[in-house]
2 protein chains.
Amino acid sequence: MSNRVANVTGTALLTDQYELTMISAAIKAERADRQCVFEVFARRLPDGRRYGVVAGTGRVLEALEEFRFSGDEISALRGIVDEPTLDWLADYRFSGDIDGYREGELYFPGSPIMTVRGGFAEGVVLETVILSILNYDSAIASAAARMVSAAAGRPIIEMGSRRTHERAAVASARAAYLAGLTATSNLEAARTYGVPSAGTAAHAFTLSFATADGSDEKAAFAAQIDALGTGTTLLVDTYDIRQGVENAIAVAGPELGGVRIDSGDLGVLARQVRAQLDGLGATSTQIVVSGDLDEYAIASLRAEPVDTYGVGTALVTGSGAPTAGMVYKLVEVDGVPVAKRSSRKESHGGAKRALRAARDTGTIVEEIVVTGGGIADGDVADEGVSGDWAVDGLGSLKARDLQIPLVRGGRVVDDVPTLADAREHLARGLVSLPWEGLGLSHGDPAVGTRYITRPEK
Amino acid sequence: MSNRVANVTGTALLTDQYELTMISAAIKAERADRQCVFEVFARRLPDGRRYGVVAGTGRVLEALEEFRFSGDEISALRGIVDEPTLDWLADYRFSGDIDGYREGELYFPGSPIMTVRGGFAEGVVLETVILSILNYDSAIASAAARMVSAAAGRPIIEMGSRRTHERAAVASARAAYLAGLTATSNLEAARTYGVPSAGTAAHAFTLSFATADGSDEKAAFAAQIDALGTGTTLLVDTYDIRQGVENAIAVAGPELGGVRIDSGDLGVLARQVRAQLDGLGATSTQIVVSGDLDEYAIASLRAEPVDTYGVGTALVTGSGAPTAGMVYKLVEVDGVPVAKRSSRKESHGGAKRALRAARDTGTIVEEIVVTGGGIADGDVADEGVSGDWAVDGLGSLKARDLQIPLVRGGRVVDDVPTLADAREHLARGLVSLPWEGLGLSHGDPAVGTRYITRPEK
């Protein structure tokens, strides 16, 4: 049992063993190169959710570029798969095409979020790493978007790193920023993805000024202001909040940037602290609240004088839905649609095209998934999907294609949307939801998914 | 917004910004080197859980050894903290001591799972990375241990990588193995931690043999057996399970290693498939079941002819408790106990010693946490904690110390228990629980935690 540090540069072993044993069998049966289409989709949204947010696409493309079986990986696999398979893996480089929903796009049950085209073996080996990234990042972004809606314009800082795996924390900060959070406490996310970072002090800082003579909150505040300036945020609930606020303004003056409250009934405390600050002339000192906030707690504080929210546990655990539950399914082999048939897990075989129909106002009304090969523009227009069309008396509708090219011939395309693009795209997408789609309570998906089968001519 | 691959070798930026701003303020106030004691503990167990399992200790020690601020990290932090702090960080190397519960130890509310002693700055900077690892790994191991109990001796394979962050998946596989699972599908966990790996084929493999003439399950089975031998496990529910089993034995013969069922009512199907296999003479062919199993589903299949379970989503998400919720608190400064006092989050100040009392039979009865400085062996014996003692008429009890040395003077000690040691230690620990402690239903912690304050003399 070795105890060495996990190899954390390559991504090729972030893979389930069965993918390699399938490749081994496919090579032996001379089926490894059959042209296949794999699709990523979610059969359903997490219980009661109205929409999902696609996140992780950018990270998938990064992982793809690092997905190589070097000497170290090959050595590790010796004994697990046979030599012809090891030779194949050593030469592995994905050579196919990938299309997908933009990062930051809304999704619904059945939305074909990502489509991978290539040989059977080169496509099947990507299953785990693609799903791990999309399932985690989308779970976080989907929860975060609800928090942003609940905050109704007030900023939210992500500070949940300590409550999830240390590398997941970085992805979480990225996904939260994508969803509209303002900043993160996570410094690796700041370095790697340019997410704005924030943070001032914990209770430990105030406590560290205690001596045998007792606590000394004022000394702690003075030291923080000396280092970080009066624009900093002082944590006022280590001992007594009322005294803490008094000490904060006594030390910093009424120009203090902010105070943070991390415990107690945040609504009541925010009102008391606001009144106290105003009474001390600190009318522009902001109030930051944190402490086990989720989207419901954020919404419940809407009427209170809260300026900024800090969220942690609920965010990094997807607020009750820690995985998006997406699957990666083979849907087409050499042009033949295929689907598992033995259970309710029935899939729609065949490569798909996805469109989203919206009213002139921009409000979306339907996710449209077209299968059957005949999915050129003209064909779709025949179904009344593209351009102006009327359905169910809803008036004039427009539809737009949801997938964009991500990889061509194994290479990531040049103009893949950035994280900033994804953040903007989601903000626009949320505005396009029917009004009930932004409800926090449990409900159905905000729009339905309609399947159109258009057989190849 | 950069899009480059996350730096995934160093661990120093897996840190919340406020740790560095606190260091900045502490340096300026000349308080950075005050001798401090920080403790990791959980205020409570996840709702209804009877015990927790400490996991991640080995990974914390690995992360500690990689926790260095090199030129790249320092550049990233320029503008976030001042130059004196950057200089301090560039020289950073933890020089203190760490003690902790063994990896694989049970824990209860208030158990001092890890104790970090050193200067304020060198201790506070480790908060996030230590908590991230312990919170995630312990959440997974705690859920996994319940699944192992529910399986009552039958093997369980971990196959949840796709449902969590790609690196968390590796930690998850490690924690699951620690908790007693048999193997993992995750190849990086096999390489890095030596966890036994397993895996054969997915539905995609069977589907990939379809042609315009239709499906060909037999060809897929034949190819798999050709590559992996008759000892392999064939997935029989792609099309029709009854036909699948028939095809499997027709192709492999009655010596087939196993069949896997991944959908449907697994209890009913296991019985039908067992009868069918026996009827075909395949009496030693094993039945593997998978598909959204958690500890309750595993337990519900106890009476069925299931040989092996595969678990995924529920395992990697902690089966409803995706974080252990541990905190890292400053409890002592220059020998003075400190604690936050403004809320119900009240902590017990002062460094602690933890003991666990057990009957002669080995059944544990109490977690004993001693604070107050006077915690040398003799003092504890005075409280009736060490050696043979009688309490509440329970007869003769023994107590053992729970913390062991992990780091001395910044260096990991030589004989830190390995992953294999942790796995054995947990197996013994679970046997020591009072019988109600292994109940799957919601309940109270299996034993209570008693605090003894023993003031320094």
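Quick note: the coordinates plus some simple rules give every number you see, no bench work behind them. Note that the structure is predicted; figures quoted are calculated from it, not measured. Note that we place each Cβ from the backbone using ideal geometry, even for glycine, and neighbour counts take in every protein chain shown.
Between A:N135, A:T211, A:L280, whose Cα lies farthest towards the positive end of the dipole of chain A when Lys and Arg beta carbons carry +1 and Asp and Glu beta carbons carry -1, centred on the Cα centre?
With unit charges placed on the Cβ atoms, the residue in question is A:N135.
Classify chain A: rounded, prolate or oblate, from the alpha-carbon gyration tensor (a ≥ b ≥ c, eigenvalue square roots; a/c under 1.5 rounded; otherwise prolate if a/b is larger than b/c)?
Numbers: a/c = 3.01, a/b = 1.60, b/c = 1.89.
It comes out oblate by the Cα gyration axes.
Taking a point 7 Å out from Cα toward Cβ as the label site, list the nm distances between A:R302 and the same residue in every other copy, smallest first.
From this label point to the equivalent ones elsewhere in the assembly: 4.8 nm.
Rg and Dmax in Å for segment B:36-159, alpha carbons only: what are they?
When restricted to the Cα atoms of segment B:36-159, Rg and Dmax are 17.8, 58 Å.
Could you pull out every residue, at least 5 positions away or on a different chain, whose amide H is within less than 5 Å of the one on B:H348? Hs are placed 1.01 Å off N in the peptide plane, and Pro or chain starts have none.
none
Restricting to chain B, what percent of DSSP beta bridges are antiparallel, rounded to 5?
Working: 43 of 65 bridges.
Expressed as a percentage, antiparallel bridges in chain B total about 65.
Using only Cα atoms and rounding to the nearest 10 degrees, what angle (0 to 90) does helix B:241-252 make with the longest principal axis of chain B?
80
Averaged over its residues, how many other protein chain Cβ atoms are within 10 Å of peptide B:49-59's Cβ atoms? Please list the in-between numbers first.
Values: counts 0, 0, 0, 0, 0, 0, 0, 2, 0, 2, 5.
The per-residue average across the peptide is 1.
Other chains near A:182-193: what is the mean number of their Cβ atoms within 10 Å of each residue's Cβ? Before the final figure, lay out the partial values.
Details: counts 0, 1, 2, 6, 7, 13, 12, 3, 5, 12, 9, 5.
If you average over the peptide's residues, the count of other-chain Cβ atoms is 6.
Sorted from largest to smallest, which semi-axis lengths in Å does the alpha carbon gyration tensor of segment A:151-317 give for its equivalent ellipsoid, taking the root of 5 times each eigenvalue? Don't jump to the answer; show the numbers that get you there.
Details: eigenvalues 140, 71, 41 Å².
The three semi-axes for segment A:151-317 are 26, 19, 14 Å.
For a quick protection proxy, order the peptides A:228-238, B:248-258 by their average other-Cβ count within 10 Å, most packed first.
With the highest mean Cβ count within 10 Å placed first, the list reads A:228-238, B:248-258.
Go through A:167-175, B:57-65 and give me the packing order, highest mean Cβ count within 10 Å leading.
Working: A:167-175: 30.0, B:57-65: 22.8.
Order by mean packing, descending: A:167-175, B:57-65.
Any idea how far apart A:T361 and B:E436 come out in nm if each label point goes 7 Å out from Cα toward Cβ?
Going by the 7 Å Cα→Cβ label model, 5.8 nm.
What is the local net charge at B:L86, summed over the other residues whose Cβ is closer than 12 Å to its Cβ (Lys, Arg +1; Asp, Glu -1)?
Working: positive: B:R78; negative: B:E73, B:D82, B:E83, B:D87, B:D91.
Net local charge, B:L86 excluded: -4.
How shielded is B:322-334 by partner chains, expressed as the average number of their Cβ atoms within 10 Å of its Cβ atoms? Walk me through the numbers before you get to the answer.
On the way: counts 11, 10, 1, 4, 2, 2, 3, 4, 8, 2, 2, 7, 4.
Mean shielding count: 5.
With each label point set 7 Å from Cα along the Cα-Cβ vector, what nm distance links B:R271 and A:T449?
The answer from the label model is 3.4 nm.
Identify, among A:S197, A:A42, A:A144, the residue whose Cα sits farthest towards the positive end of the charge dipole of chain A, taking +1 on the Cβ of Lys and Arg and -1 on the Cβ of Asp and Glu, with the dipole about the Cα centre.
My answer, from the dipole projection, is A:A42.
Specify whether the C-alpha gyration tensor of the protein assembly as shown places it in the rounded, prolate or oblate class, a ≥ b ≥ c being the square roots of the eigenvalues: rounded for a/c under 1.5, otherwise prolate if a/b is larger than b/c and oblate if not. Please report the intermediate quantities before stating the final value.
Numbers: a/c = 1.98, a/b = 1.32, b/c = 1.50.
The shape class here is oblate.
Fully extended, how many nm does the chain gain between A:E255 and A:D292 (0.36 nm per residue separation, minus their Cα-Cα distance)? The partial results should precede the final answer.
Details: separation 37, 0.36 × 37 = 13.32 nm, distance 2.86 nm.
Full extension from A:E255 to A:D292 adds 10.5 nm.
What do you get for the angle between helix A:17-28 and the principal long axis of chain A? Use alpha-carbon atoms, 0 to 90 degrees, nearest ten.
Compared with the principal axis, the helix lies near 20 degrees.
Please report, in debye to the nearest 20, how large the charge dipole of segment A:151-317 is about its Cα centre when each Lys and Arg carries +1 at its beta carbon and each Asp and Glu carries -1 there.
Working: 12 positive and 19 negative charges, 104 e Å.
That gives segment A:151-317 a dipole magnitude of about 500 debye.
Across chain A, how many lysine pairs, 8 or more positions apart or on different chains, have C-alpha atoms separated by under 26 Å? Please give the number.
So the count works out to 11.
Antiparallel as a % of all DSSP beta bridges within segment B:151-319, to the nearest 5? Mind showing how you got there, number by number?
Numbers: 1 of 16 bridges.
The antiparallel fraction comes to roughly 5 percent.
Can you give me the angle between helix B:217-228 and the longest principal axis of chain B, using Cα atoms only, in degrees from 0 to 90, rounded to the nearest 10?
Tilt of helix B:217-228: around 60 degrees.
Relative to the other copies, what are the label-point distances for B:P84, with labels 7 Å from Cα along the C-beta vector, expressed in nm at one decimal and sorted shortest first?
Relative to the other copies, B:P84 has label-point distances of 6.9 nm.
I want the local charge near B:Q35. Using Cβ-Cβ distances under 13 Å, sum +1 for each Lys or Arg and -1 for each Asp or Glu among the other residues.
Spelling it out: positives minus negatives among the neighbours equals -2.
Between copies, how close do the A:G410 label points come, placed 7 Å along Cα→Cβ, listed in nm from shortest?
Computed spacing set for this position: 4.6 nm.
Could you give the size of the charge dipole of chain B about its Cα centre, using +1 on the Cβ of each K and R and -1 on the Cβ of each D and E, expressed in debye and rounded to the nearest 20? Before the final figure, lay out the partial values.
Numbers: 45 positive and 61 negative charges, 147 e Å.
Once rounded to the nearest 20, the dipole reads 700 debye.
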